[in-house]
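Have a look at the structure below, then the notes.
The values are calculated or read from the model by the stated rules, or taken from the named source; none is laboratory data. Quantities reported herein were computed from a predicted structural model and do not represent experimental measurements. Note that each Cβ is placed from the backbone with ideal geometry, even for glycine, and that neighbours are counted across all protein chains shown. The accessibility values were calculated without ligands, DNA or RNA, using every heavy atom of the protein model including side chains. Shrake-Rupley method; radii C 1.70, N 1.55, O 1.52, S 1.80 Å.
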Amino acid sequence: MAVTMDNAIRFMFILSVVYGAAYAKKSEAKVASAPGLAAAVNTVFDITELGAVADGKTDSTKAVQDAWDAACGLAGSQKVVIPKGEFMTGPLNFSGPCKGYVTVQIDGTMFGSNDIPKYNKGNWIEILHIDNVLINGSGTLDGQGAAVWKDECKILPNTLVLDYVKNGTVSGLKLVNAKFFHINVYMSKGVTIKNVTITAVANSPNTDGVHIGDSSEISVSDSTIATGDDCISVGPGSSRISIQGITCGPGQGISVGCLGRFKDEKDVTDVTVRDCVLRNTSNGVRIKSYEDVLSPITVSRLTFENIRMDGVANPVIVDQKYCPEKDCPEKKGSKTVTIKNVTFRNITGTSNTPEAVSLLCSDQLPCSGMELLDVNLKYDGKDNKTMAVCTNAKGISKGSLQALACL
């Protein structure tokens with residue numbers, strides 16, 4: 001009797017291995033077929049097999065969340081697939097740590113619900129505490145922001161957020177009409193964002209393309225961004241940031257800042273912006289900070305190079321008197337943001353404001369180590385001439401248009 005039982009168990013185990021492998025091969029498995037197989041089987045979790053409806057109206061939040069939870073719970077390489085079609089969801093919490101490596105492949109169009117209370121002051125798609133994650137595909141994340149942008153008093157969700165992520169990649173996607181930021185990277189390291197297209201109408205509020213804060217070793221490359229706010233903004237606590245091959249506009253340009261708004265903000269160091277084209281933006285490459293701050297901050301080792309401006313207002317600007325609220329009373333402590341060792345190299349094209357270069361540094365602590373190298377911008381209007389305004393800025397000008405050599 002014991003031998004017969006052992007044989008039966010052995011047969012059932014072999015059968016489960018064969019069945020599990022075949023099921024995974026057809027990309028239709030929903031759970032591992034037997035204990036111990038998860039590490040060996042690459043499983044695909046198609047949200048339509050878990051109840052998602054591709055009509056763009058039915059709430060598919062549970063199906064997508066279930067797919068993530070199952071994939072994250074397995075060792076090895078797992079994949080969540082949003083296939084072609086239109087899917088509506090509310091907030092999605094892609095949290096870890098996961099047991100293995102997870103890919104989320106988005107080939108369809110996902111719509112973010114406009115039922116704002118559902119988000120509970122959170123985000124739409126939040127990737128949290130994950131090591132090794134890939135978000136890719138040819139699909140679209142549509143935040144449907146136009147329906148809620150007028151609700152200025154409400155806290156609106158960002159579209160895609162990477163919080164506490166190590167070694168993550170976002171690639172190939174289209175993001176449109178976010179309710180707030182399109183992509184927000186926070187407290188992360190080793191994140192690559194590439195080949196994405198981000199679009200929102202020019203008058204959409206707070207729709208930054210990519211915002212980076214308190215993060216290091218972040219790369220944004222080979223992407224097209226057109227929004228109502230900064231194409232890319234680099235916030236406090238950011239270091240070793242690479243921005244390359246970006247086509248930006250319309251929007252407010254590529255910015256470091258705003259800095260000094262809150263207490264205990266951290267320094268910004270080693271930011272490189274290169275090989276970009278900006279068209280019809282309200283600013284070009286910019287550093288912006290409040291005039292006096294609660295805690296001292298240093299911005300250093302920034303390079304902006306090989307950048308083409310096409311009809312851009314304020315193509316090169318450092319603004320240490322930034323005051324979006326139009327009423328910025330002095331804060332206690334009267335500290336300032338230190339800006340030093342900033343290079344603008346090979347910046348060319350046209351400005352639609354006479355002031356093609358504006359270095360407006362602090363009265364309390366001038367900018368130092370500033371370099372204007374081969375900066376050749378021309379005002380494209382007829383009512384004035386090209387000029388530069390440099391206040392409290394120390395450094396050198398070399399190879400630049402004479403009218404812009406204000407250092």
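Averaged per residue, the chain has 44 square angstrom of accessible surface, using a 1.4 angstrom probe with ligands and nucleic acids left out. If you sort the three axes of the alpha carbon gyration tensor as a ≥ b ≥ c, you get a/c under 1.5 for the range 115-259, which makes it rounded.
Across the range 160-239, the relative contact order, built from alpha-carbon pairs under 8 Å that are at least six residues apart, equals 30 percent. Per the helix-only calculation at 222 nm, which mean residue ellipticity applies to the chain, given -39500 (n - 2.57) for every DSSP H run of n ≥ 4 and division by its residues, nearest 500 deg cm²/dmol? Rounded to the nearest 500, it is -3000 deg cm²/dmol.
Exceedance of the 26 Å cut-off in Cα-Cα distance is limited, within the set Lys335/Lys378; Lys57/Lys174; Lys154/Lys335; Lys150/Lys263; Lys99/Lys266, to Lys335/Lys378; Lys154/Lys335; Lys150/Lys263; Lys99/Lys266.
When the GluC sites (Glu not before Pro) in the range 311-407 are filtered for DSSP coil states and for at most 12 other beta-carbon atoms within 10 Å of their beta-carbon, the remaining sites are Glu325, Glu330. In this entry, the range 109-195 is assigned a mean projected area of 5.5 nm², taken as a quarter of its C-alpha convex hull surface.
Just the protein heavy atoms count here, and of the accessible area of the chain at 1.4 Å, carbon and sulfur take up 52 percent.
Taking the C-alpha atoms only, the angle from helix 2-25 to the longest principal axis of the chain is near 40 degrees. Cα-based radius of gyration for the chain, normalised by 2.2 N^0.38 Å, reads 1.16.
Take the alpha-carbon positions of the range 223-357, form their convex hull, and give its projected area averaged over all directions (one quarter of the hull surface) in nm². Display every interim value, and only then the final one.
Numbers: hull surface 30.0 nm².
For the Cα atoms of the range 223-357, the hull's average projected area reads 7.5 nm².
Using alpha carbons only, the radius of gyration of the range 336-380 set against its Kirkwood radius gives Rg/Rh = 1.04. Computed from Cα atoms, the angle from the helix 61-72 axis to the main principal axis of the chain rounds to 80 degrees.
Taking 7 Å steps out from each Cα toward its Cβ at Asp55 and Asn114 produces label points 1.9 nm apart. Using a simple spin-label model with pseudo-atoms 7 Å out from Cα toward Cβ, Lys321 and Lys394 lie 2.1 nm apart.
Under the 0.36 nm per residue contour assumption, what length would be gained going from the current alpha-carbon distance of Ser138 and Met387 to full extension?
Details: separation 249, 0.36 × 249 = 89.64 nm, distance 4.42 nm.
Stretched out fully, the Ser138 to Met387 stretch lengthens by 85.2 nm.
For the chain, a simple Cβ point-charge model (Lys and Arg +1, Asp and Glu -1, everything else neutral) yields a dipole of about 480 debye relative to the Cα centre.
Along the range 400-407 the Karplus relation, 6.51 cos²θ - 1.76 cosθ + 1.60 evaluated at θ = phi - 60°, assigns HN-Hα couplings of 9, 3, 4, 5, 9, 7, 8, 9 Hz to successive residues, with x for each Gly and Pro. Over 31 Å apart at the Cα level, from the set Lys79/Lys288; Lys194/Lys326; Lys340/Lys385, are Lys79/Lys288; Lys194/Lys326.
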